[in-house]
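The values are calculated or read from the model by the stated rules, or taken from the named source; none is laboratory data. As the structure is a computational prediction, the values presented were derived from the model and not from experiment. Here the Cβ is made from the backbone with ideal geometry for all residues, glycine too, and neighbour counts use every protein chain on show. Heads up: the accessible areas ignore ligands, DNA and RNA and are worked out on the full protein's heavy atoms, side chains in. Shrake-Rupley method; radii C 1.70, N 1.55, O 1.52, S 1.80 Å.
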Amino acid sequence: MDVRSQVAMVFHLDKCIGCHTCSIACKNVWTDRRGAEYMWWNNVETKPGTGYPTRWEDQEVYKGGWEASGNSISLKGAGKLKGLKNIFHNPHLPVLEDYYEPWTYKYQDLFTAPEGDDQPTARPVSLITGEEVEVQSGPNWDDDLGGSPDYARHDVNFKDLSAAEQESLFQLERMTFHYLPRICNHCLNPACVASCPSAAIYKRGEDGVVLINQERCRAWRMCVTACPYKKSYYNWNTGKSEKCILCYPRLESGQAPACMHSCVGRIRYLGVLLYDADKIQQVASCAEKDLVDSQLDIYLDPFDEKVIRQAEKNGVAASTITAAQKSPVYKYVKEWGIALPLHPEFRTVPNLFYVPPLLPAMASVQDGVYNESSSEYLWGGIETSRLPMKYLASLFTAGDEEKVKEVMKKLMAVRFHRRNETVGDMEVERIEKAMSEVGMSKEMADEIFRLTSLATFDERFVIPPAHREESIEMIEATADVKGETGFGFKDKPARGL
Amino acid sequence: MMKEIMKTYRGRLLATLMLLSLVGTGLYGQDGEAIFKQNCAVCHKLGGGKFIGPDLVGINDRRDNAWLKSFISSSQTLIKGGDAEAIALFNEFNKLAMPDFPLPPADIDAILSYIGSQGSGSGSGAVAAAPAPEPDFTAEDVARGEELFTGQYELENGGPTCLSCHNVSAENVSGGGLLARDLTQAHQRLGGSNAIIGIISSTPFPAMANAYKDKPITETEVLQLTAFLKNAQENLSTEIPVVKSTVEVFWIGSGCGLVALLVIIQLLWGRRKKKAVKSDIFKRQISTN
């Protein structure tokens, strides 16, 4: 057992209001630089929708992630032979059109335009060329099902839905959508790390954050192809690729990442998970139907004495183990089992989990009376959910509907329980049946409710102390520079020393 | 007048002197025989049938005098000008154009009258000399000829190597020049060793004549080279298959190579992402400009 710690996340989709505050917070902190304008380390997508970059989930187009090969797995779009074959041009890359051409407006024209019959306008100009552009697309062009014929109707997750099922999703009375905020998954089996020919990408030992060393990056862009979530972006100005850094400078000083800190719906949770690194290959290579279960198996119980001993032996700090015990992510993912990874079939073992959205059931009109639900209750059975389970299964369980249903039933049980507590208008047997079906106690339901709705900042973000002193000692012998000025300089200052 | 001169001993002496002076200094001469031998005999016989060019016995009777004069001055101008008889001749003799002879009219007259003095073509075979027998060549001659042709052995007077302008498809000759004609089948084309000897020793081709003007090929060398060319011709018919012209090989090869390359490219890279995912969406959009 090789116990390591991973900073993992849970996004509660029922709480997301699609305000993009997270995206803006991230952009303002990290990607408002030249060459990074089009990068959205954090973005919020509407589902059904094609996301950003368009159709990123379609690995037949982008060749991201891993594919099973014999008893193990291999990269779908990168690797030694494939890399050699395409050494002069990395194919399957998203091009700028697949993202969008970033633009701004000539605001100054509003003030300097000469007097005339028309209102002055601020024309859009490209942030890349500086020339006037016709805005054709943006990072969330399909927001709230905008442009459905072009975007939402080409959602990759429709692949298992029949034409009739797809069509019904776009009927005015049945239409539904939810949001899907995405950041880097800081995977346990990152394809980007595996694909980098320069070994510039690495996974930090202490918290599992995946980073690109800007000094080693040689612009191969293999990571852009390899990442199935398309969360590695190429900076055309610096000639280096960049990606979400999980705001590690903030984490190290005990603050939540900017996107999470700013989240209006408070949908985001962050905490430590302990996992067994020996099992990564086995988990990533297992059969598609076992992917979710075996991934959940890799995370260890932080209260287990054996795990704690092994973790200590492995150099995991005691404070990190304590953080793992308080981790909200552990509760959602392991204890309650109501959070699922996004697209586990990419086999990167992602560490960002989603509580699926419990969307309203189908409304109906009977005898001239409008019912908010086709069943007698507002929250009917999940079978009557507007969004087909198949669709959610395609997103979160590699197509396993039963697994999604189980999670949805748990969420539904919590709702029944809370409705009973606060309104008390439901039949007791119905509630008990819903609870016992998924093995949920009243205490657990209350706990889920509490962490979902009332959690404080410190409950949502349990950030392990950074222990920078230990990290530095791992790479530099600090005693060597004892008595000298500070700890020396990595790069000498420009004025010279 | 010419005939009178020719009949006298002094006249002949004078003609010989004039010929010598013509060779040495390029002065004009009036001795038809000398001029004929100098300029025409390499390709034309007087009696004895076709050689490189037609037999000229009785040419004065067969052709119009003015036509003959213009043909001698510049046969190529006539051919280009579309003269039917000139073209027929050109085609008959392997499309080997007769070089232009910008001789003064008096010299041409002298030649024609000399030809006239050699009898008429219609049957007077008395004048016709028996064709010279094919010389015998030894294997050494052939080997030495090859060495001379390829430049492994320098020509005695330092003339340029044949290979620099000519190609021969033979076993030990690789990649000869393409400036002048391929000589692989010269023996057959020109009609025997004697013709080759004639052409090499006193070439009618201006470029070649110029190249060897001050560096003549010796008689032995001429024989050896002829031996080599004869041998090349013989080997060609028996051993070496006829190689397609280089230009043909180039185009066919390029075509096949291109197709093979495209197939490989298709196999290696055919499945790559060819266009932006959104290009279809953009095509549908209505432009605001």
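Of the residues that sit in region A:68-93 and are out of contact with any Ser or Thr (no Cβ under 8 Å at 6 or more places or on another chain), in a loop (DSSP other than H, G, I, E, B) and of a type outside the set (F, W, Y), which one is surrounded by the most Cβ atoms within 10 Å (Cβ to Cβ)?
The selected residue is A:K76.
Could you list, in sequence order, all residues of region A:50-67 that are at the interface with another protein chain (Cβ under 7 Å from one of its Cβ atoms) and open to solvent by 40 Å² or more (accessible area, probe 1.4 Å)?
Within region A:50-67, just A:R55 meets the criteria.
Residue check, A:I128 against (1) surrounded by fewer than 12 Cβ atoms within 10 Å (Cβ to Cβ); (2) away from chain B (no Cβ under 14 Å), all met but one. Which one?
(1)
Counting residues that are hydroxyl-bearing (S, T, Y), which strands (runs of 3 or more DSSP E) fully inside region A:174-223 reach at least 1?
A:178-182, A:201-203
Taking B:E221 and the conditions (1) surrounded by fewer than 15 Cβ atoms within 10 Å (Cβ to Cβ); (2) acidic (D, E); (3) not in a loop (DSSP other than H, G, I, E, B), which numbered condition does it fall short on, given that it satisfies the others?
Checking B:E221 against (1) surrounded by fewer than 15 Cβ atoms within 10 Å (Cβ to Cβ); (2) acidic (D, E); (3) not in a loop (DSSP other than H, G, I, E, B), the one that fails is (1).
Quick check on region B:142-162. Is at least one of its residues more than 13 Å from the chain's Cα centre (by Cα), modelled with pLDDT under 85, of a type in the set (G, A, S) and surrounded by 15 or more Cβ atoms within 10 Å (Cβ to Cβ)?
No: zero hits.
Which residues, taken from region A:300-358, are open to solvent by 10 Å² or more (accessible area, probe 1.4 Å), under 22 Å from A:M440 (Cα atoms) and outside any loop (DSSP other than H, G, I, E, B)?
Matches in region A:300-358: A:L300, A:Q325, A:K326, A:Y330, A:K331, A:K334, A:E335.
Has region A:462-473 got any residue that is within 28 Å of the chain's Cα centre (by Cα), modelled with pLDDT under 90, in a helix (DSSP H, G or I) and closer than 30 Å to A:K326 by Cβ?
Yes - at least one qualifying residue is present in region A:462-473.
Do you know which residues across region A:131-166 are within 24 Å of A:M389 (Cα to Cα), within 14 Å of chain B (Cβ to nearest Cβ), part of a loop (DSSP other than H, G, I, E, B) and in contact with a Lys or Arg (Cβ under 8 Å, 6 or more places away or on another chain)?
Result: A:D150, A:D155.
Name the one entry in B:L229, B:L258 that is modelled with pLDDT of 90 or more and more than 14 Å from every other protein chain (Cβ to nearest Cβ).
B:L258
Exactly one of (1) part of a helix (DSSP H, G or I); (2) among the aromatic types (F, W, Y); (3) modelled with pLDDT under 95 is unmet by A:F489. Its number?
(1)
Might you let me know whether region B:207-214 holds any residue that is assigned to a loop (DSSP other than H, G, I, E, B), acidic (D, E) and modelled with pLDDT under 85?
no
Which residues, counting only those in region A:109-130, are without any contact (Cβ under 8 Å) to a residue 12 or more places away in the chain and either polar (S, T, N, Q) or in a loop (DSSP other than H, G, I, E, B) (or both)?
A:T112, A:A113, A:P114, A:E115, A:G116, A:D117, A:D118, A:Q119, A:P120, A:T129, A:G130
Output the residues belonging to region A:77-108 that are over 23 Å from B:S279 (Cβ atoms) and touching a residue at least 60 places away in the same chain (Cβ under 8 Å).
If the condition is that a residue be over 23 Å from B:S279 (Cβ atoms) and touching a residue at least 60 places away in the same chain (Cβ under 8 Å), then A:A78, A:G79, A:G83 are the ones that fit.
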